[in-house]
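What follows is calculated from the coordinates using simple rules that are stated; it is not laboratory data. All values derive from a computational prediction rather than experimental measurement. Note that we place each Cβ from the backbone using ideal geometry, even for glycine, and neighbour counts take in every protein chain shown.
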Amino acid sequence: MDKTITLGTVSDANYMSEQELAEEQELIVRAKRDARAFGEVYNRYFERIFNFILRRTDDEAISDDLTSQTFLKAMQSLKKYEYRGVPFSAWLYRIAHNEVNKFYNKQKRKKVFSLEQEQLFEFIQPEEEAVFDEEKLAELMEVLKELPTEAVEVLELRFFEEKNFKEISYILNIGESGAKMRLYRAIDKLKERFKIKYND
């Protein structure tokens, strides 16, 4: 029986409201003046950044180290930070993305991408979950592994981190049209093996 993978639209509800953006910027202004306020920034974003890096390394010790490096770089560069129309968190993701790339370039290792089974279920249409067995989950993981790293990065940022294309283009330092092209290529690859429900 065919199984349906639902790639849902990232709704406006997942975007930060004007008030939330204003509160975030207020926190950053305080952190620029007082290093102790940076602790609030760290506490707010640590888990998200750590998990983002962990999916790219599949190693908790390495992820912990790269997360520490990310926040250290952020703290050292905070005074240079300027709002560019995306949440502050996108700036942190961009630093984290660069730290992961530097790690792989230095180690001359092939990039990995790891997802837990419960995260894969986020891809799957809810009413199908009960019958989407481990064999199909393994097949989905294999298809994801076959995708170019660049495509998986966009897929993951869009559907697991719930970032819009403006944020994705900022984090990966590519144009929005390039981000969309990578995503559509990834979806086309998934369509070869699965039914896809997707509304951009």
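Could you state the orientation-averaged shadow area of the convex hull built on the Cα atoms of region 27-87, in nm² to one decimal? Write out the running numbers ahead of the final one.
Values: hull surface 17.4 nm².
Convex hull of Cα atoms, orientation-averaged projection: 4.4 nm².
The Cβ shell under 12 Å around R33 holds other residues with a net charge of +2, Lys and Arg each +1, Asp and Glu each -1. Taking amide H atoms as placed 1.01 Å from N in the peptide plane, the amide H of K195 lies under 5 Å from those of K3, I5, each 5 or more residues away in sequence or on another chain.
Fully extended, how many nm does the chain gain between S177 and L72 (0.36 nm per residue separation, minus their Cα-Cα distance)?
Values: separation 105, 0.36 × 105 = 37.80 nm, distance 3.16 nm.
Difference between extended and current length: 34.6 nm.
Could you pull out the pairs from K145/K180; K145/K195; K108/K189; K32/K108; K111/K180 whose alpha carbons sit more than 24 Å apart here? Please report the intermediate quantities before stating the final value.
Details: K145/K180 19 Å; K145/K195 18 Å; K108/K189 27 Å; K32/K108 36 Å; K111/K180 22 Å.
Those over the limit are K108/K189; K32/K108.
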